[in-house]
Amino acid sequence: MKLFRQILLITAMLAAQAASAADARLPVVASFSILGDIVANVGGDRIAVTTLVGPDQDAHVFQPAPDHIKSVAHAKLVVINGLGFEGWMERVVQSANYRGDIVVASNGIAVRDRVGDEHDDHAGHDDAHHHGKNDPHAWQNPANVVVYTRNIVAALSKLDPSGATVYRKNGETYIAKLNELDRWAMQQFAQFPDVKRKVITSHDAFEYFGAHYQVRFLAPQGVSTDSEPSAKEVANLIRQIRQEKIRAVFIENMSSPKLLQQISKEAGVTLGGKLYADALSQADGPAPTYLKLMRYNIEQLLAQLKLN
Ligand SMILES: [Zn+2]
């Protein structure tokens with residue numbers, strides 16, 4: 001009986017220790033799902049990450065809710081992408097009366113100007129893209145995410161110096177994976193001659209990706225991206241596909257089977273699947289982490305480039 005009581009006591013002590021360890025995790029807020037994943041990789045068990053704009057959600061048109069404000073109010077650190085991506089963050093921070101550090105993860109990358117100004121009729125996936133002059137989608141180049149990771153390591157180490165060694169080690173492990181992904185992607189795209197490295201997509205989120213891997217992303221000419229294209233717009237797209245000899249086409253908002261059939265018949269093109277630009281997928285989807293998202297997008301692109 002004595003032994004049994006001792007076991008109970010030990011079990012209770014272990015449970016209490018586990019609970020206090022869980023409570024001791026530093027609350028950190030990341031602005032959107034991709035960044036949340038990167039922050040979690042660096043912070044490991046020492047932090048509890050809350051993401052404001054979740055998987056499959058659009059950060060460009062995000063509407064903060066009271067729960068989001070509460071998360072920021074309780075946070076010890078807030079991590080954002082910057083470059084005008086989170087236009088709503090200032091309001092959230094003010095509402096939450098948050099006084100801690102705000103880390104801009106993209107600090108130090110080579111910033112690209114956003115494209116699409118000159119073709120406003122078919123530029124972005126929505127107008128909210130057109131706030132600042134910078135292109136915010138820097139995470140689409142894994143070499144930039146190495147910079148993000150270093151910034152996050154530095155910020156967490158400043159906040160929690162006793163974890164600095166852990167953050168540095170986690171950061172190095174993650175950076176090794178980013179570099180491996182990058183090397184693999186470079187090798188894959190290098191198999192295609194320049195002339196074949198062309199993609200038509202309605203996203204304007206792949207400028208950093210395209211510049212890094214030497215893939216040209218062309219907007220569909222004369223096709224609006226915010227609604228299902230009309231028959232006339234599809235005719236424009238078919239003309240462009242033929243003229244540019246591009247078979248790698250990703251137009252996700254096209255769902256009319258009739259128009260899709262017309263494209264495959266007249267242009268000989270089967271549209272590519274979804275490319276993940278600004279958000280992770282849900283856990284059971286194909287892009288639940290940043291590394292998986294990139295692999296998935298790259299595999300989708302490679303499969304379509306083969307058709308060029
Ligand atoms: Zn975007």
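The values are calculated or read from the model by the stated rules, or taken from the named source; none is laboratory data. Keep in mind that what you see is a predicted model, and the values were worked out from it rather than measured. As a convention, Cβ positions derive from the backbone with ideal geometry for all residues, glycine included, and neighbour counts pool all protein chains shown.
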If I filter region 64-110 down to residues being assigned to a strand (DSSP E or B) and among the hydrophobic types (A, V, I, L, M, F, W, C), which single residue comes out as farthest from Gly132 (Cα to Cα)?
Leu77
Any idea which of (1) in a helix (DSSP H, G or I); (2) surrounded by 13 or more Cβ atoms within 10 Å (Cβ to Cβ) is the one Thr165 doesn't satisfy?
(2)
Just a yes or no: is a residue in region 166-189 at pLDDT 95 or above, within 16 Å of the ligand (Cβ to nearest atom) and small (Gly, Ala, Ser)?
no
Inspect all residues belonging to region 208-219 and state whether any of them is within 16 Å of the ligand (Cβ to nearest atom), among the hydroxyl-bearing types (Ser, Thr, Tyr), in a helix (DSSP H, G or I) and closer than 21 Å to Asn297 by Cβ.
yes
Checklist (1) within 18 Å of the chain's Cα centre (by Cα); (2) at pLDDT below 95; (3) not acidic (Asp, Glu) applied to Pro220, failing item:
(1)
Taking the residues in region 64-88 that are within 15 Å of the ligand (Cβ to nearest atom) and farther than 21 Å from Arg150 by Cβ as candidates, determine which candidate is nearest to the chain's Cα centre (by Cα).
Gly84
Can you pull out every residue in region 253-280 that is part of a loop (DSSP other than H, G, I, E, B), touching a Lys or Arg at 6+ places or on another chain (Cβ under 9 Å) and more than 21 Å from Arg197 (Cβ to Cβ)?
Leu280
Which of the numbered conditions does Gln191 fail, given that it passes all the others? Conditions: (1) free of Cβ contacts under 8 Å to residues at least 12 places away in the same chain; (2) surrounded by 13 or more Cβ atoms within 10 Å (Cβ to Cβ).
(2)
Just give me the residues in region 240-287 being of a type in the set (A, V, I, L, M, F, W, C) and without any contact (Cβ under 8 Å) to a residue 24 or more places away in the chain, in sequence order.
Leu260, Leu271, Ala287
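Of everything in region 190-207, what is in a loop (DSSP other than H, G, I, E, B) and within 16 Å of the ligand (Cβ to nearest atom)? Give them in sequence order. Let's see the steps before the verdict.
To start, the set of residues in region 190-207 that are in a loop (DSSP other than H, G, I, E, B) comprises 191-193, 197, 202-206.
Matches in region 190-207: Ser202, His203, Asp204, Ala205, Phe206.
State which residue is nearest to the ligand (Cβ to nearest atom) when the search covers only region 26-63 and only residues that are in a loop (DSSP other than H, G, I, E, B) and not polar (S, T, N, Q).
First, pick out the residues of region 26-63 that are in a loop (DSSP other than H, G, I, E, B): 54-58, 62-63.
Within this subset, residues satisfying the condition of being not polar (S, T, N, Q) are 54-56, 58, 62.
Details: Gly54: 15, Pro55: 15, Asp56: 13, Asp58: 8, Phe62: 11 Å.
Ranking the candidates gives Asp58 first.
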Report the residue count in region 223-255 for those that are surrounded by fewer than 17 Cβ atoms within 10 Å (Cβ to Cβ) and either among the basic types (Lys, Arg) or at pLDDT below 80 (or both).
11
Given the conditions (1) closer than 30 Å to Leu26 by Cα; (2) surrounded by fewer than 14 Cβ atoms within 10 Å (Cβ to Cβ), and given that Arg183 satisfies all but one, which numbered condition is not satisfied?
(1)
Checklist (1) over 14 Å from the mean Cα position of the chain (by Cα); (2) within 30 Å of Ala40 (Cα to Cα); (3) in a helix (DSSP H, G or I) applied to Asn297, failing item
(1)
Just a yes or no: is a residue in region 198-208 modelled with pLDDT of 90 or more, within 21 Å of Gln57 (Cα to Cα) and in contact with a strand residue (DSSP E or B) (Cβ under 8 Å, 6 or more places away or on another chain)?
yes
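So which of Thr289, Thr270 ends up being more than 16 Å from the ligand (Cβ to nearest atom), of a type in the set (Ser, Thr, Tyr) and more than 23 Å from Met186 (Cβ to Cβ)? Before the answer, list the steps.
Details: Thr289 fails: more than 23 Å from Met186 (Cβ to Cβ).
Criteria check complete, one pass: Thr270.
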